[in-house]
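Structure first, commentary second.
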Amino acid sequence: MLCNMSIWRYKPIPTKDSLKGALIDLLQRLEQQGCIQLITASTRLSPGWGIAKPGKPNEVQLVVDYREANKRCQPLMQPSPSMLPQYLYEMAQFQKDTWVGTTLDLKDMFFSIPIDDVEGALNMCVNGTTYKWTVCPQGYRNAPALATSAMNDTLREFRTSYILPSPDELKIWSYVDDLTIMGRTRQAVTEVSNKS
């Protein structure tokens, strides 16, 4: 994971007092879900803090500053934004032929990708408590590449496990954590959406 093994220091970023209780609850939920684990110490830590969710001032989301960790991580092949125009062009062509479609946003997809961060590159410190991630956190530079790889593996398994209509009848595109399905009939799209 790391190509530069140097240690980095971080400056703690405080969470507003009004959000501390909600942040503690969030961290406990992440622990119970197996997304993070308490650790006693680490030579590599990134600061974490809580901010209010947009439009929901009493709810909190965790933010971790991974700039120093990301500088030292070996970059993986990223999903290419240059593919988006091609995908959008293909989708527009299918829409001309009155195809129907749906887009699925796979919420929290990164949290379904297990990681083994032996070097501790993604360890974080939140309000003086240190944690390690057991799943891929958002903000990590290679998270989109890991998500794309996981999505491609899942789609490959999906295509071999189910009998799908021919590409003339149904088309599936994926980009990071979004899945777009288009077909000639609403029934075909619904069936595939329900299976995925």
Can you name the helices (runs of 4 or more DSSP H) wholly within the stretch 11-105 that have at least 2 residues being under 19 Å from T134 (Cα atoms)?
-> 17-32, 67-72
Residues satisfying the stated conditions in the stretch 123-172, i.e. over 19 Å from T103 (Cα atoms) and hydrophobic (A, V, I, L, M, F, W, C) | M124, C125, V126, W133, V135, C136, A143, A145, L146, I163
Single condition T130 does not satisfy, out of (1) in a strand (DSSP E or B); (2) of a type in the set (S, T, N, Q); (3) within 30 Å of M182 (Cβ to Cβ) | (3)
Only listed residue being at pLDDT 85 or above, acidic (D, E) and more than 30 Å from I7 (Cα to Cα), chosen from D117, D168, D153 | D153
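The rows are residues; the columns are (1) assigned to a helix (DSSP H, G or I); (2) closer than 25 Å to Q93 by Cα; (3) in contact (Cβ under 8 Å) with a residue 24 or more places away in the chain; (4) touching a helix residue (DSSP H, G or I) at 6+ places or on another chain (Cβ under 9 Å).
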| residue | (1), (2), (3), (4) |
| --- | --- |
| T148 | yes, yes, yes, no |
| T154 | yes, no, no, no |
| R159 | yes, yes, no, no |
| L164 | no, yes, yes, yes |
| I172 | no, yes, no, yes |
| L179 | no, yes, yes, yes |
| A188 | yes, yes, no, no |
| E191 | yes, yes, no, no |
Consider only pairs whose beta carbons are under 6 Å apart and that are at least six residues apart or on different chains; among these, list those whose first residue lies in the stretch 1-30 and is at pLDDT below 80 and whose second residue is in a helix (DSSP H, G or I).
-> L2/R72; N4/R72; W8/E68
How about the stretch 148-196: which of its residues are among the aromatic types (F, W, Y) and touching an Asp or Glu at 6+ places or on another chain (Cβ under 8 Å)?
-> W173
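The values are calculated or read from the model by the stated rules, or taken from the named source; none is laboratory data. Note that this is a predicted model, so its numbers are computed, not measured. Cβ sites come from the backbone with ideal geometry, for glycine too, and all protein chains shown count toward neighbours.
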